[in-house]
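The values are calculated or read from the model by the stated rules, or taken from the named source; none is laboratory data. These numbers were taken from a predicted model, which means no experiment stands behind them. In this analysis, Cβ positions are derived from the backbone assuming ideal geometry, glycine residues included, and neighbour counts consider all displayed protein chains. Just so you know, the surface numbers come from the protein's heavy atoms only, side chains and all, with ligands and any DNA or RNA stripped out. Shrake-Rupley method; radii C 1.70, N 1.55, O 1.52, S 1.80 Å.
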Amino acid sequence: MASVSIRNVRKSYGTVEIIKGVSIDIQDGEFVILVGPSGCGKSTLLRMIAGLEEISGGTVAIDDRVVNDVPPKDRDIAMVFQNYALYPHMTIADNMSFALRLKNTAKSEITAKVERAAGILGLGPLLGRFPRQLSGGQRQRVAMGRAIVRDPKVFLFDEPLSNLDAKLRVQMRTEIKEMHQRLKTTTVYVTHDQIEAMTMADKIVVMHDGIIEQIGAPLDLYDNPANMFVAGFIGSPAMNFIPGSIGGDGFTTEGGDRLPLGGRVPAASDGRPAVYGVRPEHFRLADDGMAAEVVVVEPTGSETQMVLRPLGAKAGREDRKRELTWVLRERTGAKPGEVVRIAPDPALAHLFNPDTGLRL
Amino acid sequence: MSILTSSDRVVGAASVGRTKRLRPSYWPFVVPALIVVIGVIVFPWVFTLWMSAMEWRIGEEQRFVGLQNYARLFTDVRFLEAMLHTLVYTALSVLAPLVLGTAAALAFNTKLPARGLLRGIFVMPMMATPVAIALVWTMMFHPQLGVLNYLLSLVGIGPLQWVYHPSTVILSLVLVETWQWTPLVMLIVLGGLAALPTEPYESAQIDGATAWQRFRYLTLPMIKPFLMVAVIIRSIDALKSFDILYTITQGGPGTASETINLYLYSVAFTYYDIGYGSAIAVVFFVLIIMLSLILLYLRQRSAWNTGDGQ
Ligand SMILES: Nc1ncnc2c1ncn2[C@@H]1O[C@H](COP(=O)(O)OP(=O)(O)O)[C@@H](O)[C@H]1O
Ligand SMILES: [Mg+2]
């Protein structure tokens, strides 16, 4: 059990700065997820917490002790790697007990701990096997077992599920979350998958190009994204961004359609260019809404996803390429080529500054 | 037309793996290879076996004696000593290059400056011809003029008699063998190290393994299959070793460094006792085969990345 405090951490390889000053506070027992597109520096940050990567600037503290110069083994952390990083020549039991054996732990204690972890993860029958004899999901579980056996202050996960097939991924997601609820160990979890982040995290850290875009609870990020990057990254399908300008008590798209603002007009913004952000599920049919042509209909059973093309009066050829996504819960008989009239729910829409990307 | 159908059938047979369908008319194609194998491999061995059952001296009448030549081996002190010399020489010539070659491979596997150049220099002994090596080392071993005793004198040891004394001759020869063949072991082990996964080392770092423990519990077991390959190659090579021994000591002083190979050579080509020499050759061959089988079995057991399970 421990808190982790990351202060202004930087990382450079040569002259290239990969992490550009990042600060995160992680409470004792919290499940924090670092999420962001590939290459944004998530793994690098996690590896700096682990001690596998030198910290170029700033401090990392575990339980108020700065660990910048503490070797990995003395940080009392356990890490689960994307490729599992099991010891290929050792049995599952030996893989899990390796750390304890290095510490000359008593045999009886090792057996007890390995059996407990194997019990939690359902690895009992596999203990005598070698990693190569296991499926991807089982290896994944062994990697977690190895971490549990250590009973560390902090768990670090680096994209642990990305080598698994979709179904197994959903199942392991639940298992990891259950494990956390049971052990209540502080956890830092890296993923590029925003759904993983949304479903598992207590707190999400959205990273982009070596900086933090926003930190918050999953639904908080969903409801109140700080900027266009977060708004577009969190949520699937992604939020629709419609460029235009603020005018009177509404918003006029570049195509000439009027969208409602529900009285939430920012001060002194008449005529100001802006981006209207609305999630696919926040449109509804409305007789006075904007006209749009149905391009594609994708029913998934529980909901229907539609790609629409706005037919605004002033819409030029470019504007017509700006397609919108609409997700509705009910089934629909709409066919490609038909025209529907839809309106966004103004209470759930956001306005963004087109230059800075910040929410207005 | 007939060509078409027969070639069709070949393709068909090959693709479903039904080789039994091959008609007898294909057998002639196997015959040349068969003749070569029988002529070059099978015949010499059968002939050697036959010779080993004869009393056969060059220029004398030959006479069938059954197993008498083999019985003679057990009372031939010179043969038994040669056996012992061979075993000691082989064991040391495997172990020393194995340990040193592994150490060198570990060193060359790190990011040394000028690594490529150093590695190139390091493997050069392997490429030298045995007679040249023998010449150079014989001079270096010289008790009065040799550079080795000079070097020892610098640290206050010696002088040693090296290959000129029965108690040091085998060790001295092992030194030459080690100097020449450590690079081979290094190359084999280096290949093994390059094939190792890197991720387990990061887990091990987090699990708290020191550098020594990472070597002992990860590297060593994971390169074991490669070490076994080196052991097999080295063992067979050292057992068969002849050129260096013959050119430096001819088995001397006395018979202090006479291995089976050298003794066999003397019996066959100095005493012209072809029958007895053949018996020695047969025993020697059986020894090599047995050793190879044991080593191959051990190598299979040492594999962690293949084998049992899948
Ligand atoms: N050892 C390294 N040397 C140079 N650049 C590196 C090194 N490791 C990672 N990078 C760079 O740092 C950036 C972030 O990498 P990483 O943390 O692995 O991203 P993520 O895990 O978010 O996909 C990438 O652009 C990558 O190319
Ligand atoms: Mg990564």
**Message:** Can you say whether A:Ser43 is within 16 Å of ligand 2 (Cβ to nearest atom), within 14 Å of another protein chain (Cβ to nearest Cβ) and touching a residue at least 60 places away in the same chain (Cβ under 8 Å), as far as the supplied structure shows?
**Reply:** yes
**Item:** The lone exception for A:Leu121 - which of (1) more than 10 Å from every other protein chain (Cβ to nearest Cβ); (2) open to solvent by 60 Å² or more (accessible area, probe 1.4 Å); (3) under 30 Å from the mean Cα position of the chain (by Cα) it fails
**Value:** (2)
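If I filter the range A:171-178 for residues that are aliphatic (A, V, I, L, M) and over 19 Å from A:Lys113 (Cβ atoms), do I get at least one hit?
Yes: one or more hits.
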**Asked** When only residues in the range B:219-255 that are in contact with a helix residue (DSSP H, G or I) (Cβ under 6 Å, 6 or more places away or on another chain) and within 11 Å of another protein chain (Cβ to nearest Cβ) count, which is most open to solvent (accessible area, probe 1.4 Å)?
**Response** B:Lys224
**Item:** Check on B:Glu177, within 14 Å of another protein chain (Cβ to nearest Cβ) and either surrounded by 14 or more Cβ atoms within 10 Å (Cβ to Cβ) or modelled with pLDDT of 90 or more (or both)
**Value:** no
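Every residue, every condition in (1) of a type in the set (Val, Ile, Thr); (2) at negative phi; (3) surrounded by 15 or more Cβ atoms within 10 Å (Cβ to Cβ); (4) in contact with a strand residue (DSSP E or B) (Cβ under 7 Å, 6 or more places away or on another chain), yes or no:
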{"position": "A:Gly235", "(1), (2), (3), (4)": "no, no, yes, no"}
{"position": "A:Pro243", "(1), (2), (3), (4)": "no, yes, yes, yes"}
{"position": "A:Thr252", "(1), (2), (3), (4)": "yes, yes, yes, yes"}
{"position": "A:Pro260", "(1), (2), (3), (4)": "no, yes, yes, yes"}
{"position": "A:Gly263", "(1), (2), (3), (4)": "no, no, no, no"}
**Message:** Show me the strands (runs of 3 or more DSSP E) entirely contained within the range A:223-301 in which 2 or more residues are at pLDDT 90 or above.
**Reply:** A:240-247, A:273-278, A:283-299
**Item:** Criterion: of a type in the set (A, V, I, L, M, F, W, C), open to solvent by less than 50 Å² (accessible area, probe 1.4 Å) and more than 27 Å from B:Leu245 (Cα to Cα) - qualifying residue of B:Ala105, B:Ala96, B:Ala114
**Value:** B:Ala105
**Request:** Just give me the residues in the range A:94-118 being within 12 Å of another protein chain (Cβ to nearest Cβ) and part of a helix (DSSP H, G or I), in sequence order.
**Result:** A:Asp94, A:Asn95, A:Met96, A:Ser97, A:Phe98, A:Ala99, A:Leu100, A:Arg101, A:Leu102
**Item:** strands (runs of 3 or more DSSP E) wholly inside the range A:1-93 containing at least 3 residues that are within 14 Å of ligand 1 (Cβ to nearest atom), in the same structural domain as A:Gln133 (by TED's automatic domain parsing) and buried (at least 20 other Cβ atoms within 10 Å of the Cβ)
**Value:** A:31-35
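Could you list all residues from the range B:233-247 that are within 14 Å of B:Thr182 (Cα to Cα) and of a type in the set (A, V, I, L, M)? Walk me through it before giving the result.
First, pick out the residues of the range B:233-247 that are within 14 Å of B:Thr182 (Cα to Cα): B:233-235, B:237-238.
Correct list: B:Ile233, B:Ala238.
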**Prompt:** Does A:Arg116 satisfy the condition of being open to solvent by 30 Å² or more (accessible area, probe 1.4 Å), within 14 Å of ligand 1 (Cβ to nearest atom) and either β-branched (Val, Ile, Thr) or in the same structural domain as A:Asp25 (by TED's automatic domain parsing) (or both)?
**Reply:** no
**Message:** Take the conditions within 14 Å of another protein chain (Cβ to nearest Cβ) and open to solvent by 30 Å² or more (accessible area, probe 1.4 Å) and apply them to B:Tyr201. Does it pass?
**Reply:** yes
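Report whether or not B:Val94 is touching a Lys or Arg at 6+ places or on another chain (Cβ under 9 Å) and touching a residue at least 60 places away in the same chain (Cβ under 8 Å).
yes
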**Item:** Odd one out for A:Asp165, checked against (1) within 14 Å of another protein chain (Cβ to nearest Cβ); (2) open to solvent by 50 Å² or more (accessible area, probe 1.4 Å)
**Value:** (1)
**Item:** Boolean, A:Val142 is away from chain B (no Cβ under 13 Å) and crowded, with 23+ Cβ neighbours inside 10 Å
**Value:** no
